[in-house]
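The values are calculated or read from the model by the stated rules, or taken from the named source; none is laboratory data. This is a predicted model, so every value here is computed, not measured. Virtual Cβ from ideal backbone geometry, glycine too; neighbours counted across all protein chains shown. Remember, those area values only see protein heavy atoms, side chains included, never the ligands or the DNA or RNA. Shrake-Rupley method; radii C 1.70, N 1.55, O 1.52, S 1.80 Å.
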Amino acid sequence: MSLPTDFSIRTYRGGHDKNFSYLVGPLGGGAGFLIDAATDPAPILSDAQKDGTQIQHILLTHTHGDHLAFV
């Protein structure tokens, strides 16, 4: 099985306290993940769909409400 070696990280700022969420996925589409759910998911999901990234996991860096507001 060959795993992709090139990936993208998209940054989204918003939500309470203007925190960040990050969409990580391989270039060309495939399985990806979200780091923190601190911002409105609509633009993240839209970008993921355009890129062909399927968000399979959400990594929470910590459990403050402003980092998991959109889980």
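Observations on the structure shown:
- Hey, residue 68 within 11 Å of the chain's Cα centre (by Cα) and open to solvent by 40 Å² or more (accessible area, probe 1.4 Å) or not: no
- Of the set (1) farther than 13 Å from residue 70 by Cβ; (2) touching a residue at least 24 places away in the same chain (Cβ under 8 Å), all apply to residue 9 but (2).
- Of the residues making up region 1-42, those that are modelled with pLDDT under 90, of a type outside the set (A, V, I, L, M, F, W, C) and in contact with a Lys or Arg (Cβ under 9 Å, 6 or more places away or on another chain) are 19, 39.
- Complete set of residues in region 13-37 that are open to solvent by 60 Å² or more (accessible area, probe 1.4 Å) and either among the hydroxyl-bearing types (Ser, Thr, Tyr) or touching a Cys at 6+ places or on another chain (Cβ under 9 Å) (or both): 22
- Given (1) among the acidic types (Asp, Glu); (2) more than 17 Å from residue 6 (Cβ to Cβ); (3) open to solvent by less than 60 Å² (accessible area, probe 1.4 Å), index of the condition residue 40 fails: (3)
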